[in-house]
Structure formats: structure tokens, C-alpha cells
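The values are calculated or read from the model by the stated rules, or taken from the named source; none is laboratory data. Note that the structure is predicted; figures quoted are calculated from it, not measured. Cβ placement follows ideal geometry from the backbone for every residue including glycine, while neighbour counts extend to all protein chains displayed.
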Amino acid sequence: MKVSVVGTGYVGLVTGACLADKGHHVVCIDIDTEKVKKINKGIPPIFENGLESLLRKTVSKNLFATTNLREPIVDSEITLITVGTPFDGEEIDLTHIREVSRQIGIALKNKPDYHGVVVKSTVVPGTTDEVVLPILEEISGKKVGRDLGVGMNPEFLTEGQAVSDFMNPDRIVLGADAERTMQLLRELYYGFENVPRLETNCKTAEMIKYASNAMLATQISFANEIANLCSTLGGIDVVDVMKGVHLSYYLSPIAKDGTRIKAPIASFLEAGCGFGGSCLPKDVKALIAHGEKAGARLPVLTAVIETNQRQHEQVIRLLRKHFVSLRDVRVTILGLSFKPDTDDMRESPAIAIIKELLSHGAIIKAFDPVAHNEARRFFPVDQLALCATLEDALMDADAVVLVTRWKEFEAVPDILKESNPQAVFVDGRRMLGKNKFKLYEGIGL
Ligand code: NAD
């Protein structure tokens with residue numbers, strides 16, 4: 001199948017590369033010339049496990065990137081829209097979606113064949129039918145149902161394991177305006193026959209994505225609220241509390257051989273310094289705003305965001321137990337990306353923590369296995385020193401704050417014991433054993 005993908009970020013590039021690996025002919029379109037150049041050389045512009053080898057296999061064979069939108073759209077049977085949908089502070093920002101819909105409309109003006117336009121970006125319920133569809137019809141002069149069809153195919157990949165998530169999805173949700181468009185979507189996902197599939201309308205598909213992300217965010221803020229209560233009450237460690245909670249049959253069902261299986265959702269029910277990333281915070285906020293606009297309040301999700309926005313303060317509180325003032329205190333931040341195995345720092349709790357520490361006059365250095373380039377987009381050299389090794393980062397620190405659960409940080413107790421045992425260690429993820437440090441503080445302890 002000939003496929004065009006508009007927007008070559010985390011979702012667009014992974015989708016394009018994986019669909020090419022499945023045998024489709026894919027053209028990835030982006031306005032960012034640097035990204036396009038890199039992709040055509042087989043160099044991934046983002047860090048994502050397995051992406052480089054996928055590009056090596058497909059680029060110049062059946063995967064191409066370009067800044068030219070018209071030709072690949074006219075030449076393809078289906079176009080996927082994968083541009084960003086940020087939250088503008090008040091509601092979802094559909095600027096890119098609108099612009100791309102207009103561009104696709106122009107490209108389709110003179111196309112004689114039926115064409116499917118599928119939104120893969122996360123958009124609030126109603127966007128495909130009420131925003132994308134009218135723009136396409138108006139600009140192209142074509143009629144939906146006769147000349148073109150619209151679809152909605154939410155993406156559930158997790159950054160850091162995006163390629164493997166796309167190739168082995170837990171579900172495929174397909175929304176379409178008509179059977180003809182659904183048929184195009186089925187063809188697109190030929191090769192994923194054994195994956196549970198849900199076929200529905202576009203608005204429901206859009207809602208499924210939001211409900212899924214809102215559910216995950218709710219688990220995290222719930223665990224953090226319990227953690228903060230444990231800290232306040234004293235004499236309770238939230239790690240033990242959550243171990244007990246996880247032992248419920250709901251979270252650890254019994255397998256046929258009698259062993260207990262830990263449901264992956266349990267990993268969201270753990271104390272930490274908050275959730276970040278390009279999806280959960282903005283999607284929950286957009287859903288709340290969208291609900292309010294429609295006259296429906298969402299008090300549970302509003303509280304989920306409130307708890308999350310304050311969670312980084314727990315780290316500052318723990319540091320303040322050891323330093324009357326944080327002025328000139330040398331603090332090392334371990335982990336800058338919002339989660340391990342990605343360099344994505346969008347809305348990472350590390351940003352809020354560093355900003356708060358800077359406002360208190362702390363001197364900050366950091367180490368992250370892959371996110372140093374990204375870090376420079378957020379903090380200049382005079383605000384944040386980046387260390388080449390974990391050892392450098394731990395040396396001479398008055399305090400160390402673990403923000404991201406990178407596997408590399410399992411070595412921290414041994415390194416710190418050798419080089420800097422007096423440092424206060426604040427475990428923002430409750431990742432390392434509290435008995436392994438001389439001065440340990442943890443969220444929910
Ligand atoms: P991103 O910011 O990494 O990529 C978006 C790309 O679109 C950029 O490369 C940008 O240059 C390009 N773009 C913007 N305007 C364009 C235009 N007019 N023409 C062509 N290209 C244009 O975004 P992302 O993280 O890939 O997210 C894309 C969508 O997918 C969002 O709606 C997001 O919520 C959703 N999503 C993201 C993830 C994730 O983990 N990142 C997971 C599931 C869903």
C-alpha cells in the first residue's frame with residue numbers, strides 16, 4: 001500500500017518506519033528540513049530503541065522523507081496525520097492539525113481517486129469529524145463519502161519502546177466515517193491479524209485514547225497522594241504499602257502454574273516525583289478543558305493534575321530537611337528525560353525540580369545517559385552543568401536527586417559509598433534501597 005505520513009516526530013517516524021518494515025511504501029513528510037535530511041541518511045533524529053536498524057533496512061528502499069507534501073499525498077492511497085497537538089494553556093492547540101488538513105486539501109484538489117485521511121495524532125473527541133473533515137471538503141472541493149474518507153487511529157506507543165510497541169501492539173483502534181475508509185485502514189494493518197482490534201466511529205476512537213491516558217495518569221497521582229500521606233503521618237513506607245496493594249488478585253493474578261503475575265498497571269501505582277512527557281499532562285489537561293467547554297466538569301482528573309503539578313515540591317521538602325537554605329548547595333540531578341530509554345524531556349519533572357532549585361540559589365549539575373542534547377533546549381550552561389559520566393556527577397555533590405529510573409543508576413549506591421558517602425540522597429522514584437545510603441530520603445517514606 002502507498003502511505004504518506006505528515007509529521008515525522010516520535011509517532012510519525014516510528015509509524016512510517018514500522019509500516020515500511022511491514023512492506024508498505026511510505027513517504028514521511030515534515031517541515032523540518034534537518035529531520036528530513038537525517039532520515040534520508042538513515043540517521044534517527046530521536047533516540048528510540050530499534051529505530052536506527054529499522055531505518056537502515058527501509059530508507060531509500062521503501063521509506064523516504066521529504067518536505068514536499070503534495071506529490072506523496074497524491075501518489076498515496078492513505079495519509080496519516082501525526083503532527084503535534086500541544087495544550088496551549090487553555091485548550092488543545094489544533095493549529096498544526098488545521099494547517100496540515102488545509103495542505104492535504106490543496107494536494108487532493110486534482111486527485112481523481114478516492115483518498116483516506118486518517119488522524120493518528122491525539123485529538124479531543126469530535127476533531128476528525130468537526131475540524132479535519134470540513135477543512136478537507138472546503139479546500140479540496142471534494143465530498144467525503146464519495147471522493148475521500150476520514151479515519152481516526154489513535155497511537156498507544158510508549159516512548160523508549162516505541163518500535164516494539166508499534167510492532168507488537170496490545171490493541172488496534174480504528175475509527176472511520178464509512179466502510180470504504182475502514183477497508184483502507186484494514187489494509188494498512190494487514191500483518192497485524194492477531195492483535196485485538198476495535199472498529200468504531202472517529203469520535204469514539206478519539207475518546208478511547210484520552211480515557212486510556214487519563215486512567216494511567218490517575219493511577220500515578222493516586223499513588224503519589226498516598227505517598228505524601230505516608231510522609232505526613234510518619235512510620236509508614238509507601239513502598240511497603242504499594243507492595244501490599246499490588247498483592248491483590250486484581251493486580252497480581254494467579255497464573256495456571258500457581259505463580260503470581262504482576263499486572264503492568266502496577267508499575268503506575270508507585271510513588272514518585274510526578275509524571276511528565278509529551279502526552280499524559282497535556283492530554284489530561286486538554287480533556288478537562290474540552291469537558292468544561294461542553295458543560296461537563298471532571299473533578300477527578302482536575303485533582304490528578306493538581307497533585308502532579310505539586311509533586312516535585314516533595315523533593316524540595318526532603319532536601320530542606322538537611323539544608324536550612326539551598327543557596328550554593330551543590331545538587332546533582334540524576335536523569336533528565338521524563339522516563340528511562342528516551343531523550344524526551346517534554347514536561348519532565350526534572351525541569352520543575354531544577355527550576356525550583358535554581359530559584360533557591362542551588363548550584364546544579366546533572367547526568368542523563370541520553371538526554372544531554374535535549375537538556376540544552378531547556379537550560380543554558382550557566383544554569384545547568386552536564387557531566388560526562390555518572391561518577392563525575394556524583395563527585396563533590398552535597399545532595400543527589402534521582403529523578404528518572406534509568407537502569408544505569410543501580411550503580412549509584414556503590415559509587416557514592418566510594419566517592420562521596422556524606423551526600424544526601426533523595427530518591428525521587430523510590431528506585432534504590434533505603435539501606436544502601438548513609439543519608440537517604442525518599443518520596444513517601
Ligand atoms: P513531535 O512533536 O515529536 O512531532 C511532530 C512533527 O510534526 C514534528 O516533526 C513537526 O516538525 C511536524 N510538523 C508540524 N507541523 C507540520 C506541518 N505543517 N507539516 C509537516 N510536518 C509538520 O510529536 P509526537 O510526539 O510524534 O506526537 C504527535 C502526536 O501523537 C501528538 O498528538 C501526540 O499527542 C500523539 N502521541 C504521541 C505519543 C508519544 O509518545 N510521543 C504517543 C501517542 C500519541
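Among the residues of segment 266-277, those that are within 16 Å of the ligand (Cβ to nearest atom) and touching a helix residue (DSSP H, G or I) at 6+ places or on another chain (Cβ under 7 Å) comprise PHE268, PHE275, GLY276.
Residue count for segment 134-161, restricted to those that are away from the ligand (no atom under 14 Å from the Cβ) and within 27 Å of the chain's Cα centre (by Cα): 2. Residues that are surrounded by fewer than 16 Cβ atoms within 10 Å (Cβ to Cβ), at pLDDT 95 or above and more than 10 Å from the ligand (Cβ to nearest atom) within segment 93-112 comprise ILE106, LYS109, listed in sequence order. The set of residues in segment 1-39 being within 22 Å of GLU77 (Cβ to Cβ), among the polar types (S, T, N, Q) and in a helix (DSSP H, G or I) consists of THR15 alone. The set of residues from segment 162-177 being assigned to a loop (DSSP other than H, G, I, E, B) and surrounded by fewer than 17 Cβ atoms within 10 Å (Cβ to Cβ) comprises ASN168, ASP170, ARG171. Screening the candidates ARG330, ARG297 for the property of being touching a Gly at 6+ places or on another chain (Cβ under 9 Å) and surrounded by fewer than 17 Cβ atoms within 10 Å (Cβ to Cβ) yields one hit, ARG297. Could you run through segment 41-54 and say how many residues are within 15 Å of the ligand (Cβ to nearest atom) and either part of a helix (DSSP H, G or I) or not assigned by TED's automatic domain parsing to the domain that holds ASP113 (or both)? So the answer is 1.
Evaluation of THR389 against the conditions (1) farther than 11 Å from ALA366 by Cβ; (2) of a type outside the set (Lys, Arg); (3) more than 30 Å from the chain's Cα centre (by Cα) shows that the sole unmet condition is (3).
In segment 71-92, which residue that is within 12 Å of the ligand (Cβ to nearest atom) and out of contact with any strand residue (DSSP E or B) (no Cβ under 7 Å at 6 or more places or on another chain) is nearest to GLU155 (Cα to Cα)? So, considering only residues that are within 12 Å of the ligand (Cβ to nearest atom) and out of contact with any strand residue (DSSP E or B) (no Cβ under 7 Å at 6 or more places or on another chain), the one nearest to GLU155 (Cα to Cα) is GLY84. Being in the same structural domain as ASP30 (by TED's automatic domain parsing), over 29 Å from TYR210 (Cβ atoms) and in contact with a Gly (Cβ under 9 Å, 6 or more places away or on another chain) holds for only one residue in VAL59, VAL74, VAL100, and it is VAL59. Taking each residue of segment 1-20 that is of a type outside the set (A, V, I, L, M) and looking for partners that are assigned to a helix (DSSP H, G or I) and within 6 Å of the ligand (Cβ to nearest atom) with beta-carbon atoms closer than 8 Å, six or more apart or interchain, yields GLY7/HIS96; GLY7/VAL100; THR8/LYS35. Restricting VAL124, VAL119, VAL132 to residues that are farther than 20 Å from THR67 by Cα, in contact with a Ser or Thr (Cβ under 7 Å, 6 or more places away or on another chain) and in contact (Cβ under 8 Å) with a residue 40 or more places away in the chain narrows the list to VAL132.
Looking at this structure, is HIS322 on the phi < 0 side of the Ramachandran plot, in contact with a Leu (Cβ under 9 Å, 6 or more places away or on another chain) and either part of a loop (DSSP other than H, G, I, E, B) or surrounded by 16 or more Cβ atoms within 10 Å (Cβ to Cβ) (or both)?
Details: on the phi < 0 side of the Ramachandran plot: yes; in contact with a Leu (Cβ under 9 Å, 6 or more places away or on another chain): yes; either part of a loop (DSSP other than H, G, I, E, B) or surrounded by 16 or more Cβ atoms within 10 Å (Cβ to Cβ) (or both): yes.
Yes.
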